[in-house]
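The values are calculated or read from the model by the stated rules, or taken from the named source; none is laboratory data. Worth saying up front: this structure is predicted, and the values here are computed from it rather than measured. Quick reminder, even Gly has a Cβ in these numbers, built from the backbone with ideal geometry, and neighbours come from all protein chains shown.
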Amino acid sequence: MKHARTAEELERTRHAGGFTIVEVVLAMGILLLGATAILGMLTFGAALTRSAQLRAAAASAVSAVEADLEQVLFPFEDGRVGEPVEITDRPVPDTPGVVYSAKAVQNPDRPREYRVDVSFSWNSAGVQRTRSYTTLRLRELAFGERLRREFVEKTGGFEKKTAEVAVEQE
């Protein structure tokens, strides 16, 4: 009888002793499915991050061009704001490799108002790329120049104004 028990125990330990090949393949399939989903999300997240970086750089370039246009589009000559100048292939400030061109067209109904067509161009992977937008600008003195005239020329400068305030406080 001792011999029967040993065979019975061997039979029991053989069935309870590990995983079957079906269980291992099923576990690997579930692991593979989870890893694929995680890699897909990481790739999607990286693409979104890159897209956001490119959009932020484009918005920064447009802001830089708007500020530059305010300074150079309408030159100040002989005490008055002159006619708009055509800008061709001017480098975009703080954006290497990108240039812009701008052309202003006067609105016949409003002589101070101009439609300005702005075109960006750059090389990417050996291909010339361009993007354009249109904005409205008024023919007027640039904001920075107006401030300079208001505070520097009329009052004699910031230093003089500060000295006057110091004398009044004494």
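Laid out as a table, the results:
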| read-out | value |
| --- | --- |
| Scope region 82-138; condition part of a loop (DSSP other than H, G, I, E, B) and closer than 16 Å to residue 63 by Cβ; matching residues | 92, 93, 94, 95 |
| Which listed residue is among the hydrophobic types (A, V, I, L, M, F, W, C) and touching a residue at least 40 places away in the same chain (Cβ under 8 Å), from 76, 44 | 76 |
| Scan of region 65-81 for residues that are among the hydrophobic types (A, V, I, L, M, F, W, C) and not in a strand (DSSP E or B), ordered by number | 65, 67, 69, 72, 73, 74 |
| Only one of 70, 83, 8 that is modelled with pLDDT under 90 and over 26 Å from residue 134 (Cβ atoms) | 8 |
| Pick from region 130-164, criterion of a type in the set (A, V, I, L, M) and at pLDDT below 75, ranking: farthest from residue 91 (Cα to Cα) | 163 |
| Selection within region 102-133 - surrounded by 14 or more Cβ atoms within 10 Å (Cβ to Cβ) and among the β-branched types (Val, Ile, Thr) | 116, 118 |
| Residue list for region 96-143, restricted to those being hydroxyl-bearing (Ser, Thr, Tyr) and farther than 18 Å from residue 75 by Cβ | 119, 121, 124, 130, 132, 133, 134, 135 |
